[in-house]
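The values are calculated or read from the model by the stated rules, or taken from the named source; none is laboratory data. Please read these numbers as outputs of a predicted model, since none were measured by experiment. Cβ atoms come from the backbone with ideal geometry, glycine included; neighbour counts cover every protein chain shown. Accessible surface areas use protein heavy atoms only, side chains included; no ligands, DNA or RNA. Shrake-Rupley method; radii C 1.70, N 1.55, O 1.52, S 1.80 Å.
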Amino acid sequence: MKKFIALIFSSIVLILIGVAFGSVNLPSSKILSAFTFENLKLALHNPEKLGTTETIILQIRLPRVLLAYLVGLSLASAGTASQALFKNPLADPYILGISGGAAVGAALAALYSPTHMGTFALIGALISVTIVYNISKINGHIPVDTLLLAGIAFGFFSHAVTSYLLYVGRERIHLAIFWLMGTFNGATWDDVKLVFISSIVGFSFLMFKWKELNLLLFGEESIAMGLDLNFYRKAIIFVISLLTAFAVATSGIIGFVGLISPHAMRLVFGPNHKKLLPAAALFGGSLMVFADLLARVTLKPAEVPVGIVTALFGAPFFIYLLMKRKRGELYA
């Protein structure tokens, strides 16, 4: 229980720090004074009536930090479910080809409808999952090996399509390039609401089915334990897609958070998803807020894409996982 309290406390502290620091640092007194009922009401309904400081806090910083936290929570939850589905601690939410489809959608939007990049990315992500799912389906069943290979193959194909679109539209594609690196710049309350709904629905389902996630680790043997393996594979694929697609649509492609969070928390809380899933979600949210904070303050007033920050500490961690797997210290 103390460990969960520590995770919740660190989440709150990082959110407050994320609101306080940026290109312009704000004193805690101004931050606290901005959180009045009247200001919050104006932020949601009449933001133009807010003062300058209140606008920075409630219309720019707060939605950005909350979106970062929810995206991190979503990717960490999806990553935990992915690792259970594939029985592999090196799996992440993008393994189903979601990021590739979203990238194609974003590149198309940059060429033909720049103001609808998030919508195009969401559609592309959902289409990619549908394609991978149907390629993998054999007589109504979903073999995880086939699903994995289909996701990888589609990922390579979508990367080629995205590269082609970036090449032919190089004069108009700068927005897509920045989006592909991951960013919370320009986050709005509508983005927060969208990801909040998807994260609550997806996370709640996974928490409700934590026993089934445990059984998925046994693969085909779980059938003998009474698990409808095919049904739950389909359900988990849907939930992973829901969590990841909405996260990607609002923030771009941010790697490694969905990989690092479940494994780091597995070392602390163990493999039981009753504890692992909420711990990974809380850690993933905090990790994303911290990464976004680094992205904002490292080269201020310029901003580093947050995907670069997560990759800088995520790639070494991934190598560490590979080395542990090589020594047989990770479950297969």
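Under the definition of Cα pairs under 8 Å and six or more residues apart, what whole-number percent is the relative contact order of segment 1-153? Please report the intermediate quantities before stating the final value.
Working: 123 pairs, mean separation 23.4, N = 153.
This gives 15 percent for segment 1-153.
Calculate, in nm to one decimal, what His116 and Leu90 gain on full extension: separation in residues at 0.36 nm each, minus their alpha carbon distance. Present the calculation step by step, with values, prior to reporting the outcome.
Working: separation 26, 0.36 × 26 = 9.36 nm, distance 3.28 nm.
Result: 6.1 nm gained on full extension.
If you roll a 1.4 angstrom probe over the protein chains with everything in place, what fraction of the accessible area of the chain belongs to carbon and sulfur, to the nearest %?
On the way: 10830 of 15530 Å².
With neighbouring chains kept in place, the figure for the chain is 70 percent.
Using a 10 angstrom Cβ neighbour count of at most 11 plus a DSSP loop assignment to flag exposed trypsin sites (Lys or Arg not before Pro), which longest range of the chain is free of such sites? Intermediate values should be presented prior to the final figure.
On the way: sites that count: Arg170, Arg327.
Between the exposed loop sites, the longest stretch runs 1-169.
If you count only protein heavy atoms with a 1.4 Å probe, what accessible area per residue comes out for segment 222-286, rounded to a whole Å²?
Working: 1970 Å² over 65 residues.
Value for segment 222-286: 30 Å² per residue.
First obtain the Kirkwood hydrodynamic radius of the chain from its Cα pairs, then insert it into the Stokes-Einstein equation at 25 °C and 0.890 mPa s, and state the resulting D in µm² per second as a whole number. Walk me through the numbers before you get to the answer.
Numbers: Rh = 20.4 Å.
The Stokes-Einstein estimate is 120 µm²/s.
Could you work out how much longer the chain between Lys193 and Ile5 gets when fully extended? Use 0.36 nm per residue separation minus the Cα distance between them, nm to one decimal.
On the way: separation 188, 0.36 × 188 = 67.68 nm, distance 2.55 nm.
Length gained between Lys193 and Ile5: 65.1 nm.
So which DSSP H runs in the chain come out at 24 Å plus along the axis (Cα) with average Kyte-Doolittle of at least -1.0? Provide the component values of the computation, followed by the final result.
On the way: long enough: 2-20 (27 Å, 2.19); 62-85 (34 Å, 1.22); 117-136 (28 Å, 1.69); 144-168 (36 Å, 1.47); 189-208 (28 Å, 1.39); 229-251 (33 Å, 1.42); 273-297 (36 Å, 1.02); 306-326 (30 Å, 1.24).
Long hydrophobic helices here: 2-20, 62-85, 117-136, 144-168, 189-208, 229-251, 273-297, 306-326.
Does segment 128-176 come out rounded, prolate or oblate, given a ≥ b ≥ c as the square roots of the eigenvalues of its C-alpha gyration tensor, rounded meaning a/c under 1.5 and, failing that, prolate meaning a/b above b/c? Write out the running numbers ahead of the final one.
On the way: a/c = 4.51, a/b = 3.52, b/c = 1.28.
It is prolate, given that a/c is not under 1.5 and a/b is the larger ratio.
Just how large is the dipole of segment 90-206 about the Cα centre, in debye to the nearest 20, putting +1 at every Lys and Arg Cβ and -1 at every Asp and Glu Cβ? Intermediate results must be reported in sequence, preceding the final value.
Numbers: 4 positive and 5 negative charges, 31 e Å.
Approximately 140 debye in magnitude.
At Thr298 and Val24, where each label point lies 7 Å from the Cα along Cα→Cβ, what is the point-to-point distance in nanometres?
Distance between the two pseudo-spin positions: 2.5 nm.
Let's see if you can work this out: charge +1 on each Lys and Arg Cβ, -1 on each Asp and Glu Cβ, no other charges. What is the dipole magnitude of segment 15-148 about its Cα centre, in debye to the nearest 20? Present the calculation step by step, with values, prior to reporting the outcome.
On the way: 7 positive and 5 negative charges, 22 e Å.
Computed about the Cα centre, the dipole is about 100 debye.
Find me the longest stretch of the chain that has none of the exposed chymotrypsin sites (Phe, Trp or Tyr not before Pro), where exposed means in a DSSP loop (not H, G, I, E or B) with at most 14 other Cβ atoms within 10 Å.
Working: sites that count: Phe35, Phe218, Tyr331.
With chymotrypsin sites (Phe, Trp or Tyr not before Pro) excluded where exposed in loops, the chain gives 36-217 as its longest stretch.
Starting from 0.36 nm per residue, how many nanometres of slack lie between Asn230 and His174 once their C-alpha separation is accounted for? Kindly include the intermediate steps, with their values, before the conclusion.
Working: separation 56, 0.36 × 56 = 20.16 nm, distance 4.23 nm.
Working it through step by step, the gained length comes to 15.9 nm.
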